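Novice: Please read through the structure below; I'll follow up with questions.
The values are calculated or read from the model by the stated rules, or taken from the named source; none is laboratory data. The model shown is predicted, which means the values in this text are computed figures rather than measured ones. Cβ coordinates were reconstructed from backbone atoms using ideal geometry, including for glycine residues, and neighbour counts include every protein chain displayed. Heads up: the accessible areas ignore ligands, DNA and RNA and are worked out on the full protein's heavy atoms, side chains in. Shrake-Rupley method; radii C 1.70, N 1.55, O 1.52, S 1.80 Å.
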Amino acid sequence: MEETQPADPPSTETASRPLHGDSVHERLREEIRSGALPPGARLTETELAARLAVSRTPVREAIRRLEAEGLVDHQPRLGAVVRSMDYPEIMELYEMRTVLEGTAARLAARAASPMELEELRAINADMAAAGASAALARLNRQFHARLLDAARNRFLVRSMASVEAALLILGPSAMERPDRAAEAVEEHRAVLEAMAARDGAAAEAAMRAHMERAQLTRLRILRQEGGA
């Protein structure tokens, strides 16, 4: 999964619509993913309630859920802040991601239906046509979500959800970089060819190579930005 993270930024129309309940949580998750709330950003109930035009109750609940997901920490004298990741944590995260995504590809090679394989091919073709963009990043998330569904393993889905939440902290998807976008489409094709041949070992190897390229790209981005 290149950057398997949640929905794209809300449209102007959606952003102006009153929020409540789960939608506050989803909005804050999206702002963390997009970088609008970067690592170290404070989450102040009163400020967020005013900005999102809601009461403090759904904001408080959303912050609690973000903390439970590992996206927010409580720090002395600062309160709730978006978590930061150091270099060892990032390496550990990608190691686990590589294991889980590789396992998903291996299981999907065995269990995916012809229709699911065709859907994955169609999504990858749309990615090739989209070029580097937020739309391509969204399609990439769809591709990996459909592949995970095709693996037919609920425990794997739960484990991936934890990894995907942690990836939000790293900010915008590397798929919006032209060099990475073209590479990822070709790497997806290699995974799909192995899946179509029902070769689980080859599918896992291709997915692991895909994840390793994603990790190298992420580390390069962080280095250029002066991050972890």
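Novice: Could you work out the helix-only [θ] at 222 nm for the chain, with each DSSP H run of four or more residues adding -39,500 (n - 2.57) and the total divided by the number of residues, to the nearest 500 deg cm²/dmol?
Specialist: Result for the chain: -22500 deg cm²/dmol, rounded to the nearest 500.
Novice: Also: Debye calculation, C-alpha points only, no solvent: report log10 I(q)/I(0) for region 25-74 at q = 0.25, 0.27, 0.31 Å⁻¹, in the same order as the q values.
Specialist: -1.00, -1.16, -1.44
Novice: Which three lengths, in whole Å and largest first, does region 105-162 cover when its Cα atoms are put on their principal axes?
Specialist: Largest to smallest, the principal-axis extents are 33, 29, 13 Å.
Novice: Count the net charge of all other residues whose Cβ sits under 13 Å from the Cβ of residue 128, scoring Lys and Arg as +1 and Asp and Glu as -1.
Specialist: -2
Novice: For the chain, what does the equivalent ellipsoid look like in terms of its semi-axes, each the square root of 5 times an eigenvalue of the Cα gyration tensor, given largest first in whole Å?
Specialist: 32, 18, 17
Novice: So if I restrict to the alpha-carbon atoms in region 158-217, what is the Rg, and what is Dmax, the biggest pairwise distance, in Å?
Specialist: Spelled out, the Cα radius of gyration and Dmax of region 158-217 are 12.9, 36 Å.
Novice: Using a simple charge model, +1 on the beta-carbon of Lys and Arg, -1 on the beta-carbon of Asp and Glu, nothing else, what dipole does the chain show about its Cα centre, in debye to the nearest 20?
Specialist: 400 debye
Novice: Quick one: grab the alpha carbon gyration tensor of region 138-193, order the square roots of its eigenvalues as a ≥ b ≥ c, and give me rounded if a/c is under 1.5, else prolate or oblate depending on whether a/b is larger than b/c.
Specialist: It comes out oblate by the Cα gyration axes.
Novice: Quick one: pull the percent of accessible area on region 116-214 belonging to carbon and sulfur, 1.4 Å probe, ligands and nucleic acids left out.
Specialist: The nonpolar share, carbon plus sulfur, comes to 52 percent.
Novice: Sequence gap at least 6, Cα distance under 8 Å: using those rules, report the relative contact order of region 62-151 to the nearest whole percent.
Specialist: 27 percent
Novice: What net charge do the residues around residue 59 carry, taking every other residue with its C-beta under 14 Å from that of residue 59, with Lys and Arg at +1 and Asp and Glu at -1?
Specialist: Charge balance near residue 59 sits at +1.
Novice: To continue, here is another question. Local charge sum around residue 119 (other residues, Cβ-Cβ under 11 Å, Lys/Arg +1, Asp/Glu -1)?
Specialist: Local net charge: -2.
Novice: Quick check for you: with a 1.4 Å probe and neighbouring chains kept, what is the accessible area per residue of the chain, in Å²?
Specialist: Ligands and nucleic acids excluded, the result is 48 Å² per residue.
Novice: Follow-up question, since we're still on this one. Once you have the Cα-Cα distance between residue 86 and residue 149, take 0.36 nm times their residue separation minus that, and quote the gain in nm to one decimal.
Specialist: 19.6 nm
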